[in-house]
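Asker: Quick one: the structure is below, and I'll ask about it shortly.
Since every read-out is calculated from the coordinates, none of them should be taken as a lab result. Predicted model only: the values in this text are computed from it and were never measured.
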Amino acid sequence: MSPAVKTVCDLAAKKAAGEKITMLTAHDAAFGALVDRAGVDLVLVGDSLGMVALGYDSTVPVTMDEMIHHARAVRRGVKEALLVGDMPFLSYQVGEWDAIINAGRFLKEAGCAAVKLEGGAEVAPLVAAVVRAGIPVLGHIGLTPQTAGQLGGYKVQGKDAESAAKLEHDARALEAAGASALVLECVPALLAKRISAEMKIPTIGIGAGPYCDGQVLVSHDLLGLFRGFTPKFAKQYALLADQADQALAAFRREVNSGEFPAAEHSFGSLVEEKEAPADKKA
């Protein structure tokens, strides 16, 4: 029997049972398979691929076609986790029609089960429209990387009473619009705790402290693969970039020295056979 694929209903059940939710990013089939085998609940094809995979300076340049291309690849590696496609900048902000069409592409073309989009009360009508179209949506408030310039950069949000009240209002608006879960990014821990307690839907934190219903990290940060920038909230469980440096340098040295390939990496014998003697004439 095939393993059961997780759904947004499973997320709600976990919150009700007091069980934590886990989410990680993936941008290709190999990473999709790795995080899926780890048993996480959700795999996010995040627009962070703009920086960790495509070399952009931010998430803003990422296009829908690029997101669909990578989401298709991740789908081939994910068997059980709920696959979420990240709606890139200007794929939904223009209006309901664009939001529905582009969200639908993640399901129809890439095999995702849900989409995630950034913004608070101002995008609630778009969330409602996408949900009415039958597409599960995860909201994302706090630090929203696509519009970080309007927020004064990559900074913690909700530190004063006014901005904290706005985030609580945003959370309620997204829940009322039909969002299935809510990502809280770079929010003070006690504010995230208050929002999580108020919400019927699960909250998933990233730099939002331990009181959220779940946690998400960019896999490249978790594994120490991306050297461009490591946020304070990202625990590095490994330093694979350092190991990769050592392995790649070792390959170059061994090729130059003739140590690689050795007999065990070659077909047949490396010992040249002696030339057979010519037949004697009668």
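Asker: If I stretch the segment between ALA4 and ARG37 completely, what's the gain in nm (0.36 nm per residue apart, minus their alpha carbon distance), one decimal?
Answerer: 10.5 nm
Asker: Still on this model: Straight distance only, please: which lysines reach the Cα of LYS108 with their own Cα at less than 16 Å, same-chain residues fewer than 8 apart left out?
Answerer: Within the straight-line limit of under 16 Å, LYS108 reaches these lysines: LYS116.
Asker: Okay, next question. Which whole-number percent is the relative contact order of the chain (Cα, under 8 Å, 6+ apart)?
Answerer: This gives 14 percent for the chain.
Asker: Here is a follow-up. Could you run the Karplus curve 6.51 cos²θ - 1.76 cosθ + 1.60 with θ = phi - 60° over segment 211-222 and give me ³J(HN,Hα) per residue in whole Hz, x for Gly and Pro?
Answerer: Values, residue by residue: 8, 5, 6, x, 9, 9, 9, 6, 4, 5, 6, 4 Hz.
Asker: Scan around LYS116 for amide H atoms under 5 Å from its own, H built in the peptide plane at 1.01 Å from N, and keep only partners 5 or more places away or cross-chain.
Answerer: Amide H neighbours of LYS116: GLY85, ASP86, MET87, LEU138.
Asker: At 222 nm, what value in deg cm²/dmol follows for the chain if DSSP H runs of at least 4 each add -39500 (n - 2.57) and the sum is divided by all its residues, to the nearest 500?
Answerer: After summing the helix terms and dividing by the residues of the chain, the value is -11500 deg cm²/dmol.
Asker: Can you list the aspartates and glutamates whose alpha carbon is less than 20 Å from that of LYS14, not counting same-chain residues fewer than 8 positions off?
Answerer: Result set, ordered by chain and number: ASP36, ASP41, GLU80, GLU175, GLU198, ASP213.
Asker: To continue, here is another question. Name the long-range amide H neighbours of TYR56: under 5 Å, sequence gap of 5 or more, or other chain; modelled H, no Pro or chain starts.
Answerer: MET51
Asker: Can you list the HN-Hα couplings for segment 127-141, worked out from phi with the Karplus curve (6.51, -1.76, 1.60; θ = phi - 60°), rounded to whole Hz and with x for Gly and Pro?
Answerer: 4, 4, 5, 5, 5, 4, 7, x, 10, x, 10, 9, x, 8, 10
Asker: A further question follows. Work out, step by step, the length gained on full extension between ALA176 and LYS20: first 0.36 nm times the residue separation, then minus their alpha carbon distance; give nm to one decimal.
Answerer: 53.9 nm
Asker: Given segment 217-267, what whole percent of its Cα pairs are spread farther than 11 Å?
Answerer: So the portion of pairs separated by more than 11 Å is 71 percent.
Asker: Let me ask you something else. By how many nm would the segment from ASP245 to SER163 grow when fully extended, if each residue of separation counts as 0.36 nm and the alpha-carbon distance is taken off?
Answerer: That works out to 25.2 nm of additional length.
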